[in-house]
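J.: Following this message is one structure expressed as structure tokens.
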Amino acid sequence: GETNLTRSTELASQAFQRHLADLTEHYGRGLFINLLSTKKPKENALVESLEKHFSTLNPENWKYQYYDYNVQAKANADLDSLGALLISKVRPVLDNFSYLELDGQVVMKSQTGAIRTNCLDSLDRTNIIQTRLALAMCGKVMDDAGLNKHGTRTNRDGFEVNLK
């Protein structure tokens, strides 16, 4: 079926602004990743709407990244390389995120940064990309803890290798 935008641009903009304010209050900054396809009419309407709201509001603490998952899935047969291009594009944003670190009951670091993924009807798209992002962040945690066997940040996407 067709995707219909049922709210006026003004109401949608207000809702988007409130959503960003809430996320900013909790996480400080973040990254919107849009996995919708511009080639599918029912998804393209949502892509255009989100990009319009994002460019109008232009939030300083939030970055926007479009990633056509379907195009990348056709070009990359294996799941391991599917998110590699996206990770390389958003690496600078991820490097500025922090994670919760406790020493007993003492908070050593608080989480800063959140990732908001947009997708319409495919949890596969969201789950694969969120898994790749989580592995990248786990690599950062391992680097910070001195647990990266390879000793370089460039290898942290190989999180699975470091566990073996």
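J.: For the chain, take the longest principal axis of its alpha carbons; what is the angle in degrees between that and the long axis of helix 9-27, to the nearest 10 within 0 to 90?
T.: Taking Cα atoms only, the helix is inclined about 10 degrees.
J.: Give the long-range amide H neighbours of PHE32: residues separated by 5 or more places, or on another chain, with amide H under 5 Å away, using H modelled in the peptide plane at 1.01 Å from N.
T.: The list, which skips near neighbours in sequence, is LYS63, TYR64, GLN65, ARG116.
J.: Please give the per residue accessible area of the chain, computed with a probe of 1.4 Å over protein heavy atoms only, in Å².
T.: For the chain, the solvent-accessible area averages 60 Å² per residue.
J.: In debye, nearest 20: dipole of the stretch 1-112 around its Cα centre with unit charges on the Cβ of K, R (+) and D, E (-)?
T.: Using Cβ point charges on Lys, Arg, Asp and Glu, the stretch 1-112 gives about 260 debye.
J.: Counting only pairs 8 or more residues apart or on different chains, how many lysine pairs in the chain have their Cα atoms under 14 Å apart?
T.: Step by step, the pairs that qualify in the chain add up to 6.
J.: Only one of the values (1) 17.6, 53; (2) 21.4, 63; (3) 15.9, 48 was calculated from this structure for Rg and Dmax of the Cα atoms in Å; name its label.
T.: (1)
J.: Relative to the longest principal axis of the chain, what angle (0 to 90°, nearest 10) does the C-alpha long axis of helix 84-95 take?
T.: Taking Cα atoms only, the helix is inclined about 70 degrees.
J.: Something else: So, by mean Cβ neighbours within 10 angstrom, what's the order for 137-146, 61-70, 96-105 with the highest one leading?
T.: 61-70, 137-146, 96-105
J.: Same structure again: If Lys and Arg each add +1 and Asp and Glu each add -1, what is the summed charge of the other residues whose beta carbon sits under 12 Å from the beta carbon of PHE16?
T.: +1
J.: Defining a contact as two alpha carbons under 8 Å apart and six or more residues distant in sequence, what relative contact order in percent does the chain show?
T.: 23
The values are calculated or read from the model by the stated rules, or taken from the named source; none is laboratory data. Computed from a predicted structure; not experimentally measured. Cβ atoms come from the backbone with ideal geometry, glycine included; neighbour counts cover every protein chain shown. For accessibility, only protein heavy atoms count, side chains too; no ligands or nucleic acids. Shrake-Rupley method; radii C 1.70, N 1.55, O 1.52, S 1.80 Å.
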